[in-house]
Amino acid sequence: MTSIENPRDLPKVDELLRDIRLNKIMETLGYVPVRDAVRKILDAAREILLGTQDSDILSDTIYIDYALALNTTHDTDALLTENILTLAVLRKLDDEAKPGIRKVINATGAILHTNLGRAPLAKQALAAVKRSAEGYCSLEFDLANNSRGQRTTSIEALLCRMFDVEAALVVNNNAAAVMLALSSLCRGREVIVSRGELVEIGGLFRIPDIMEESQAILREVGTTNKTHSFDYEKAIGDSTAALLKVHPSNFRLIGFTEEVEEKELASLAHKYNLPLIYDLGSGCISSALASLMPDEPTVASAVDSGADVICFSGDKLVGGPQAGIIIGRAKPLAAMRSHPLMRAFRCDKMTLIALETTLALYLDPDLAKQHIPLLSMALCDLDALRDRTQTLADELSGYGIPAKPEPSEMILGGGSAPELRVPSWALAIRPENTTGSISVVALESSLRAFDPPILCRTSHDVVLLDLRTVSEEEERLITFALVDAFGKEGDIP
Ligand SMILES: *Cc1c(COP(=O)(O)O)cnc(C)c1O
């Protein structure tokens, strides 16, 4: 095939569409998407030939660049031909068929990475979702009485049983849980909160803003570093609706500090016949996990403190799907249940099924440890992790890739337990030390461009891959991706 050098020589749309590969793909995608992709690629080729590409916008010329790069041999650049244009069209169609949210391999070691979807789900939870959601399910149907049912009856009963509380509710996320508590219990009245707890959690969840939105009146007490019981007590008056305690999930106050313990705060609230609302944030349930983070309150300790409304996330230390879990006393929860926002915040069937199945695993702590990925990753055996890392390092060394296990620290992520310092191991690759070297930046981006993308940590001269958050199956893919990355620019056989 001859090289196309002049826009005049570009094939017509119909000519390119005659290619057998495009005909084949038309059988599944239909005519229109394929024709449109051909038009776009021909436009992009015209831009390249005329030199009118706008480098600031992501354009379809990348597909042509990609096809050219793949067909470049050691000595010669590939030429722009009809074949290259067809390959570019195929690549574009392939990209368009992928969903916006894609599977990735998380080798960062951050177990609850918010940008990567927080907690992976237990197999049992996924199976239950599949079983109930691929057809119909008894979401709001009472099978025993052949009547309309309530979507959260069984999950609420499970929560009451697990935590020995009077009532429970489930909403879309913890931000919604706090919003619902403030709107239904405190609207137009004062909520007393310590100045040390006016926190911002990621994604612009800020306590003062949520307060304003719920039309509760924020009554700040104490100072940034110290708040005493008498600060709260002095502020209590006729217009007080509740005391609020917020767990500072993602930071710690250290040094000359004081906060009022939950128990004392609950007693104070009850002395004045007020409820204590406790935004617990992460909501650790597993005692084995709790033992790694002595400073993190648990759901059990929150219940024990006597707080009346306790809110926490389903996808932080619980290890389930995104949800907001509310447990506590019957009276305030009844008011929350009948508030109109409850309808806006209600969960979808897949969330409820996944959450209920995940929570049920906690009834047997060993099952939970074995099957809830958050727990099995956080509590994995350190020697086994080092051995796995060493085995992968040995295999990579066989390909001439310089890798070795290095001591590291476990990262929880998701704005939980910021002080956590649990020793761990990571696979360290210093790519620039090898002959035919490739840079840290090039290696990181090559791994990220892999399918599925592999995400890792880097510092100035090293790429760190943490196998704690990687499955054995994914480990194989990491090996392929690394051999591929080094093979392209290095001297690997
Ligand atoms: C994470 C967190 C929230 C928000 O929870 P989402 O489930 O992400 O909506 C609210 N409060 C605290 C204290 C948190 O840690």
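Quick check on my filter: what residues within segment 396-439 are of a type in the set (S, T, N, Q), in contact with an Asp or Glu (Cβ under 9 Å, 6 or more places away or on another chain) and not in a strand (DSSP E or B)?
Ser416, Asn433, Thr434, Thr435, Ser437, Ser439
The lone criterion from (1) surrounded by 20 or more Cβ atoms within 10 Å (Cβ to Cβ); (2) part of a helix (DSSP H, G or I) left unmet by Cys347 is number (2).
Has segment 372-383 got any residue that is part of a helix (DSSP H, G or I) and over 21 Å from the mean Cα position of the chain (by Cα)? Yes, because at least one residue in segment 372-383 is part of a helix (DSSP H, G or I) and over 21 Å from the mean Cα position of the chain (by Cα). Just to verify a result, which residue in segment 184-219, among those that are of a type in the set (Asp, Glu) and crowded, with 17+ Cβ neighbours inside 10 Å, is nearest to the chain's Cα centre (by Cα)? Out of the qualifying residues, it is Glu197.
Answer yes if at least one residue in segment 165-182 is closer than 30 Å to Pro208 by Cβ, more than 16 Å from the ligand (Cβ to nearest atom) and in a helix (DSSP H, G or I), and no otherwise. No, the conditions are met nowhere in segment 165-182. Of all residues in segment 273-288, those satisfying the criterion of being more than 16 Å from the ligand (Cβ to nearest atom) and either under 24 Å from Thr114 (Cβ atoms) or out of contact with any strand residue (DSSP E or B) (no Cβ under 6 Å at 6 or more places or on another chain) (or both) are Asn273, Ser286, Ser287, Ala288. Residue-level check: of (1) in contact (Cβ under 8 Å) with a residue 24 or more places away in the chain; (2) in contact with a strand residue (DSSP E or B) (Cβ under 6 Å, 6 or more places away or on another chain); (3) more than 16 Å from the ligand (Cβ to nearest atom), Val440 misses just (1). Scanning segment 312-335 for residues that are assigned to a helix (DSSP H, G or I), at pLDDT 95 or above, among the basic types (Lys, Arg) and more than 25 Å from the chain's Cα centre (by Cα) turns up at least one hit. Counting just the residues of segment 289-333 that are among the polar types (S, T, N, Q) and surrounded by fewer than 23 Cβ atoms within 10 Å (Cβ to Cβ), which one comes out farthest from the ligand (Cβ to nearest atom)? Checked segment 289-333; the qualifying residue farthest from the ligand (Cβ to nearest atom) is Ser291.
Of the residues making up segment 241-272, those that are within 16 Å of the ligand (Cβ to nearest atom), surrounded by 14 or more Cβ atoms within 10 Å (Cβ to Cβ) and of a type in the set (D, E, K, R) are Lys245, Glu259, Glu262. When segment 204-222 is filtered for residues that are part of a loop (DSSP other than H, G, I, E, B) and within 14 Å of the ligand (Cβ to nearest atom), the ones remaining, listed by number, are Leu204, Ser214. Here Ala442 fulfils each of the conditions (1) at pLDDT below 90; (2) in a loop (DSSP other than H, G, I, E, B) apart from (2). Of the residues making up segment 374-414, those that are out of contact with any strand residue (DSSP E or B) (no Cβ under 6 Å at 6 or more places or on another chain) and of a type in the set (Gly, Ala, Ser) are Ser376, Ala378, Ala384, Ser397, Gly398, Gly400, Gly414. Among the residues of segment 183-203, those that are part of a loop (DSSP other than H, G, I, E, B) and within 16 Å of the ligand (Cβ to nearest atom) comprise Leu198, Val199, Gly202, Gly203.
If you filter segment 96-137 down to residues that are surrounded by 12 or more Cβ atoms within 10 Å (Cβ to Cβ), small (Gly, Ala, Ser) and assigned to a loop (DSSP other than H, G, I, E, B), you find that the one that is nearest to the chain's Cα centre (by Cα) is Gly117.
The values are calculated or read from the model by the stated rules, or taken from the named source; none is laboratory data. Quantities reported herein were computed from a predicted structural model and do not represent experimental measurements. Neighbour counts are summed over all protein chains in view; Cβ atoms, including those assigned to glycine, are modelled from backbone coordinates with ideal geometry.
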